[in-house]
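Participant: Provided herewith is a single structure, encoded as structure tokens, for subsequent inquiry.
The values are calculated or read from the model by the stated rules, or taken from the named source; none is laboratory data. Only a predicted model underlies this, so the values are computations on that prediction, with no experimental measurement involved. Every residue, glycine as well, gets a Cβ built from its backbone with ideal geometry; the counts of neighbours run over all protein chains shown.
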Amino acid sequence: MIDPAILRTNPDLLRESQRRRGESVELIDELVAADVAKRSAQAAFDELRNQQKVLGKQIGPLQGALKKVTDDAARAAAQAEVDALMTQAQSLSDQVKEAERAASEASERLDALWLQVSNIVNMDSPVGGEEDFAVVENVGTPRDFDAEGFAPRDHLELGELLGAIDVERGAKVSGSRFFYLTGPGALLEIALLNLAMSQATAHGLIPMITPSLVLPSAMEGTGFLGQAAENVYRIEQDDMYLVGTSEVPLAGYHADEIIEADRLPLRYAGWSSCYRREAGSYGKDTRGIIRVHQFDKVEMFVFCRPEDAEAEHARLLSWEREFVDALEIPYRVIDVATGDLGSSAARKFDMEAWIPTQGTYREITSTSNTTEFQARRLRIRMRDESGTRPLATLNGTLCAMPRIIVALLENHQQADGSVVIPQALRPFLGGREVFTPAP
């Protein structure tokens, strides 16, 4: 959610953000009208409630005095006055109930509209759709396999040669886009987890193993029940959701809390299995393990002062780069265009690894500055010398296992189908230097 004060003082900023995202500008006009209606309805209710309280203070003393009146004529006059006030009180009570109902409905409509509004984009982000990103930097040089005298195998062929990936049995047991990591594949994922957590803890992040099932409040609070809802798995019988990223339980960890400013920033590294329906992606990346329904991931998450959020964003990106640099994979960093941002992100940087057999770069990590958006929705605040106010949250993928494995296998393959293990991973594989094809 966005600070309502911005709607009242600078609605054009919200309109421009919606325009850059390619989302409804008219929604802001509806929001402005709903905000006015809500405040008007609330003011009407408050005024009637105040009148009711004043009338109640008048009736009480009159009823007490009535009991002391002995003269019949005076008593009749006093009783008539009390009866008139009681009639007025009953009428006012009905008006108060109606005004309360109207205020509640106006508030609910406003809240419903707010849930449709995405975070305000950073005005430095490139404007446009998925292909309109800006390349920040290219790192590393893709190998020239022609010069080396052999055609590269794709990750699935390599995985099958090594006995590392089994998609056929994955499909037999769970359906399409599921897979087994076997032998060296399983060891490789465990090594990646250990390398990621070793780096994260060295930088002071608190390691977490997070729930994979969350309540609707956590999904809604992080913004995953809007435009991303089609890719979310819901357990209808229990009204719970399988997370597509540990960003969700990490963000919800401090929901409804006030955090003392001297504890900030709080930085976490969460390990979880992730589940995505991949709706609308049929026919794309169906071979291998690039686009799957279940995968494991290490996600970084930060709670900080809003004024520190941009510096934290740069820090998360530097840690992602450090991890991928250690794996010796060519990659590029892109500034994601406004129309390709998630609803909660104000700005996002992706890292894309070079995939030799596709002749292109593919996303392996991303990091988003969500400013105060998620914190407001989850009611997470900080307390400093100025009082209590919302804080900022940020997230960044340190290691999404399948795509990192794809990039490792394809970039470090040899002509005989073996794969050289990057130096950084060898301590977590007992010093092993190469994976060789299974006999």
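Participant: Out of the residues in the stretch 398-417 meeting the condition of being surrounded by fewer than 22 Cβ atoms within 10 Å (Cβ to Cβ) and under 18 Å from PRO184 (Cα atoms), tell me which one is farthest from the chain's Cα centre (by Cα). Break it down stepwise before answering.
Facilitator: The first filter runs over the stretch 398-417 and keeps only residues surrounded by fewer than 22 Cβ atoms within 10 Å (Cβ to Cβ), leaving 400, 412, 414-417.
Pick out the ones that are also under 18 Å from PRO184 (Cα atoms) and you get 400, 412, 414, 416-417.
Values: ALA400: 16, HIS412: 33, GLN414: 39, ASP416: 43, GLY417: 39 Å.
Within the stretch 398-417, the match that is farthest from the chain's Cα centre (by Cα) is ASP416.
Participant: So is ASN395 surrounded by 24 or more Cβ atoms within 10 Å (Cβ to Cβ), of a type outside the set (Asp, Glu) and over 22 Å from MET197 (Cβ atoms) or not? Quick ask: steps written out before the conclusion?
Facilitator: Working: surrounded by 24 or more Cβ atoms within 10 Å (Cβ to Cβ): yes; of a type outside the set (Asp, Glu): yes; over 22 Å from MET197 (Cβ atoms): no.
When the stated conditions are applied, ASN395 does not pass them.
Participant: Another question about this same structure. For residues that are hydroxyl-bearing (Ser, Thr, Tyr) and more than 23 Å from the chain's Cα centre (by Cα), tally how many sit in the stretch 333-387. Before you say what the answer is, go through the steps one by one.
Facilitator: Here is the first cut: in the stretch 333-387, the residues hydroxyl-bearing (Ser, Thr, Tyr) are 338, 343-344, 357, 360-361, 365-368, 370-371, 386.
Going one step further and asking which of them are more than 23 Å from the chain's Cα centre (by Cα), we end up with 357, 360-361, 386.
Here the count works out to 4.
Participant: Separate question: Report, by residue number, each residue of the stretch 89-132 that is modelled with pLDDT of 90 or more, part of a helix (DSSP H, G or I) and in contact with a Phe, Trp or Tyr (Cβ under 8 Å, 6 or more places away or on another chain).
Facilitator: ALA102, ALA103
Participant: Follow-up. Just need a number here: residues in the stretch 133-144 that are in contact (Cβ under 8 Å) with a residue 40 or more places away in the chain, part of a loop (DSSP other than H, G, I, E, B) and more than 17 Å from LEU341 (Cβ to Cβ). Please lay out each step first, then the result.
Facilitator: So in the stretch 133-144, the residues in contact (Cβ under 8 Å) with a residue 40 or more places away in the chain come out as 133-143.
Now narrow it down to the ones that are part of a loop (DSSP other than H, G, I, E, B): 133, 140-143.
Filter again for more than 17 Å from LEU341 (Cβ to Cβ), leaving 140-143.
Residues flagged as in contact (Cβ under 8 Å) with a residue 40 or more places away in the chain, part of a loop (DSSP other than H, G, I, E, B) and more than 17 Å from LEU341 (Cβ to Cβ) within the stretch 133-144 amount to 4.
Participant: For the stretch 365-379, how many residues meet the condition of being closer than 16 Å to VAL121 by Cβ and outside any helix (DSSP H, G or I)? Show your work before the answer.
Facilitator: To start, the set of residues in the stretch 365-379 that are closer than 16 Å to VAL121 by Cβ comprises 366-374.
Next cut, outside any helix (DSSP H, G or I) only: 366-372.
Residues meeting the conditions: 7.
Participant: Mind listing whichever residues of the stretch 203-238 are closer than 13 Å to ALA251 by Cα and among the aliphatic types (A, V, I, L, M)?
Facilitator: Once the filter is applied, which keeps residues that are closer than 13 Å to ALA251 by Cα and among the aliphatic types (A, V, I, L, M), the stretch 203-238 yields MET208, VAL214, LEU215, ALA218, MET219.
Participant: Still on this structure: Considering only residues that are among the hydrophobic types (A, V, I, L, M, F, W, C) and assigned to a helix (DSSP H, G or I), look in the stretch 314-364 and name the one that is surrounded by the fewest Cβ atoms within 10 Å (Cβ to Cβ). Write out each step before concluding.
Facilitator: First pass over the stretch 314-364, keeping only residues among the hydrophobic types (A, V, I, L, M, F, W, C): 314, 316-317, 319, 323-324, 326-327, 329, 333-334, 336-337, 341, 345-346, 349, 351, 353-355, 364.
Subset that is assigned to a helix (DSSP H, G or I): 314, 316-317, 319, 323-324, 326.
Numbers: ALA314: 12, LEU316: 24, LEU317: 19, TRP319: 21, PHE323: 24, VAL324: 23, ALA326: 15.
If we take residues in the stretch 314-364 being among the hydrophobic types (A, V, I, L, M, F, W, C) and assigned to a helix (DSSP H, G or I), then ALA314 is surrounded by the fewest Cβ atoms within 10 Å (Cβ to Cβ).
Participant: Restricted to the stretch 419-439, and to residues that are touching a residue at least 60 places away in the same chain (Cβ under 8 Å) and small (Gly, Ala, Ser), which residue is farthest from ILE364 (Cα to Cα)?
Facilitator: Once the filter is applied, the top-ranked residue is ALA438.
Participant: Still on this model: When you scan the stretch 182-199, how many residues do you find that are outside any helix (DSSP H, G or I), in contact (Cβ under 8 Å) with a residue 24 or more places away in the chain and under 20 Å from HIS293 (Cα atoms)? Even if it seems obvious, please write down each step before you answer.
Facilitator: So the first thing to find is which residues in the stretch 182-199 are outside any helix (DSSP H, G or I), and the list is 182-183.
If we keep only those that are in contact (Cβ under 8 Å) with a residue 24 or more places away in the chain as well, we get 183.
Retained after the next criterion (residues that are under 20 Å from HIS293 (Cα atoms)): none.
Selection size over the stretch 182-199: 0.
Participant: Any chance you could count how many residues in the stretch 31-42 are of a type outside the set (Val, Ile, Thr) and either exposed (fewer than 15 other Cβ atoms within 10 Å of the Cβ) or not assigned by TED's automatic domain parsing to the domain that holds SER104 (or both)? Give the derivation first.
Facilitator: Filtering the stretch 31-42 for residues of a type outside the set (Val, Ile, Thr) gives 31, 33-35, 37-42.
This time we only want the ones that are either exposed (fewer than 15 other Cβ atoms within 10 Å of the Cβ) or not assigned by TED's automatic domain parsing to the domain that holds SER104 (or both), so: 33, 40.
The total comes to 2.
Participant: In the stretch 413-439, what residues are under 16 Å from PHE323 (Cβ atoms) and either assigned to a strand (DSSP E or B) or not small (Gly, Ala, Ser) (or both)?
Facilitator: Start the filter on the stretch 413-439 by keeping residues that are under 16 Å from PHE323 (Cβ atoms), which leaves 421-428.
Result: ILE421, PRO422, GLN423, LEU425, ARG426, PRO427, PHE428.
Participant: Restricting attention to the stretch 384-394, does a residue exist that is in a loop (DSSP other than H, G, I, E, B) and out of contact with any Pro (no Cβ under 8 Å at 6 or more places or on another chain)? Show your work before the answer.
Facilitator: First, the residues of the stretch 384-394 that are in a loop (DSSP other than H, G, I, E, B): 385-386, 391.
Cutting the leftovers down to out of contact with any Pro (no Cβ under 8 Å at 6 or more places or on another chain) gives us 385-386.
Yes, some residue in the stretch 384-394 is in a loop (DSSP other than H, G, I, E, B) and out of contact with any Pro (no Cβ under 8 Å at 6 or more places or on another chain).
Participant: Still on this structure: Hey, among ALA279, ALA261, ALA269, ALA255, which residue is modelled with pLDDT of 90 or more, surrounded by fewer than 20 Cβ atoms within 10 Å (Cβ to Cβ) and in contact with an Asp or Glu (Cβ under 8 Å, 6 or more places away or on another chain)? Step through it out loud before you land on a result.
Facilitator: Numbers: ALA279 fails: modelled with pLDDT of 90 or more; ALA269 fails: surrounded by fewer than 20 Cβ atoms within 10 Å (Cβ to Cβ); ALA255 fails: in contact with an Asp or Glu (Cβ under 8 Å, 6 or more places away or on another chain).
Step by step, each of ALA279, ALA261, ALA269, ALA255 is checked, and only ALA261 is modelled with pLDDT of 90 or more, surrounded by fewer than 20 Cβ atoms within 10 Å (Cβ to Cβ) and in contact with an Asp or Glu (Cβ under 8 Å, 6 or more places away or on another chain).
Participant: In this structure, does GLU131 turn out to be more than 25 Å from GLN374 (Cβ to Cβ), charged (D, E, K, R) and more than 27 Å from the chain's Cα centre (by Cα)? Full working, then the answer.
Facilitator: Numbers: more than 25 Å from GLN374 (Cβ to Cβ): yes; charged (D, E, K, R): yes; more than 27 Å from the chain's Cα centre (by Cα): no.
Here the answer is no, as GLU131 does not meet what is asked.
Participant: Any idea which residue in the stretch 384-412 is nearest to THR182 (Cα to Cα), counting only those that are touching a helix residue (DSSP H, G or I) at 6+ places or on another chain (Cβ under 6 Å) and not hydrophobic (A, V, I, L, M, F, W, C)?
Facilitator: Filtering the stretch 384-412 for residues that are touching a helix residue (DSSP H, G or I) at 6+ places or on another chain (Cβ under 6 Å) and not hydrophobic (A, V, I, L, M, F, W, C), the one nearest to THR182 (Cα to Cα) comes out as GLU410.
Every residue, every condition in (1) in the same structural domain as THR222 (by TED's automatic domain parsing); (2) within 16 Å of VAL406 (Cα to Cα), yes or no:
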{"site": "ASN122", "(1), (2)": "no, no"}
{"site": "VAL135", "(1), (2)": "yes, no"}
{"site": "PHE145", "(1), (2)": "yes, no"}
{"site": "LEU162", "(1), (2)": "yes, yes"}
{"site": "GLY170", "(1), (2)": "yes, no"}
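Participant: Check the stretch 133-145 and report whether any residue there is small (Gly, Ala, Ser) and either within 26 Å of ARG362 (Cα to Cα) or at pLDDT 95 or above (or both). If you could, list the steps in order and put the result at the bottom.
Facilitator: Quick first cut of the stretch 133-145, residues small (Gly, Ala, Ser) only: 134, 140.
Imposing the further condition that a residue be either within 26 Å of ARG362 (Cα to Cα) or at pLDDT 95 or above (or both) reduces the set to 134, 140.
Yes, the conditions are met somewhere in the stretch 133-145.
Participant: Please enumerate the residues belonging to the stretch 293-313 that are surrounded by fewer than 24 Cβ atoms within 10 Å (Cβ to Cβ), touching a residue at least 60 places away in the same chain (Cβ under 8 Å) and in a helix (DSSP H, G or I).
Facilitator: PRO306, ASP308, ALA309, GLU312
Participant: Also, I was wondering about something else. In the set ALA186, ALA200, which member is assigned by TED's automatic domain parsing to the domain that holds THR371, farther than 30 Å from ALA112 by Cβ and surrounded by fewer than 17 Cβ atoms within 10 Å (Cβ to Cβ)? Step through it out loud before you land on a result.
Facilitator: Values: ALA200 fails: surrounded by fewer than 17 Cβ atoms within 10 Å (Cβ to Cβ).
Criteria check complete, one pass: ALA186.
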